[in-house]
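Since the structure comes first, as structure tokens, the remarks are kept for the end.
Where a number appears in this text, it was derived from the coordinates with a stated rule and is not lab data. All values derive from a computational prediction rather than experimental measurement. For neighbour counting, all protein chains shown are included, and Cβ atoms are generated from backbone atoms with ideal geometry for every residue, glycine included.
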Amino acid sequence: DAGVIQSPRHEVTEMGQEVTLRCKPISGHDYLFWYRQTMMRGLELLIYFNNNVPIDDSGMPEDRFSAKMPNASFSTLKIQPSEPRDSAVYFCASSLGVPEQFFGPGTRLTVL
Amino acid sequence: RKEVEQDPGPFNVPEGATVAFNCTYSNSASQSFFWYRQDCRKEPKLLMSVYSSGNEDGRFTAQLNRASQYISLLIRDSKLSDSATYLCVVNTGFQKLVFGTGTRLLVSP
């Protein structure tokens, strides 16, 4: 079975550019989560969806970040404009509910 | 104060050793607790849930002390393949998981 799929796996961009990260959750899962991981802050929840509806976006750092889930099989996280401090690994995860969230391989973002 | 605190390590142990990790959490209303494992440059994966009565899965034992807001993970007979970062995770409600920054374990031959 395919797990959570994320693309791209690596992204290098320049400050000010728009970045779009993509996620395909596991089929049948009704929760989708976006996390950001850095050495200093660890794994932080940015936003999560239930049945394609955003439930809690309190972790989204600022207006430069936005996330959408147009259907049950696709979600995007967009950063516009990007800044060097956005450099991190971004994980998407899906689940049927706590406890087990299944994580994708992550997107390693570097903003120069 | 962080919601979930862990000693970052690294813990360097020889194969066959027993090692224990601890974690404290600040939200007394937290509902459920877990340990996740993360290999270098990989995604986190659920290792085990943690119950008040304690639970064991092979060489791994997890304990929860709600009064002290403390969670532990014990690994017996360490293997080289146990080398990873162990993340203490707390469910604060409404599907939200709060992750500790992890404890790194290095098992050497």
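Determine, from the Cβ-Cβ distance of B:THR18 and A:GLN17 and an R0 of 41 Å, the FRET efficiency 1/(1 + (r/R0)^6), rounded to the nearest 0.05. For R0 = 41 Å, the calculated efficiency reads 0.25. Taking chain B, the Cys residues with no second Cys beta-carbon under 4.7 angstrom are B:CYS40. Amide H neighbours of A:ILE55 under 5 Å, at least 5 residues apart or on other chains, H built in the peptide plane: list them. So A:ILE55 has HN proximity to A:TYR48, A:PHE49, A:ASN50.
Projecting the Cα positions of B:LEU106, A:SER7, B:TYR36 onto the charge dipole of the protein assembly as shown (unit charges on Cβ atoms of Lys, Arg, Asp and Glu, taken about the Cα centre) puts B:LEU106 furthest along the positive direction.
Across the range A:37-54, computed HN-Hα scalar couplings (Karplus, 6.51 cos²θ - 1.76 cosθ + 1.60, θ = phi - 60°) run 10, 10, 4, 6, 10, x, 9, 10, 6, 8, 7, 9, 10, 10, 6, 6, 9, x Hz from first to last residue, x flagging Gly and Pro.
By the count of neighbouring beta-carbon atoms within 10 Å, fewest first, B:VAL90, B:VAL98 end up ordered B:VAL98, B:VAL90. Taking θ as phi - 60° and the Karplus parameters 6.51, -1.76 and 1.60, the scalar couplings of the range A:9-16 work out to 7, 9, 9, 10, 9, 9, 3, x Hz in sequence order, x denoting glycine and proline. Phi-derived couplings, Karplus 6.51 cos²θ - 1.76 cosθ + 1.60 at θ = phi - 60°, listed residue by residue for the range A:58-74: 5, x, 5, x, 6, 5, 5, 9, 8, 9, 9, 9, x, 7, 5, 10, 7 Hz, with x used for Gly and Pro.
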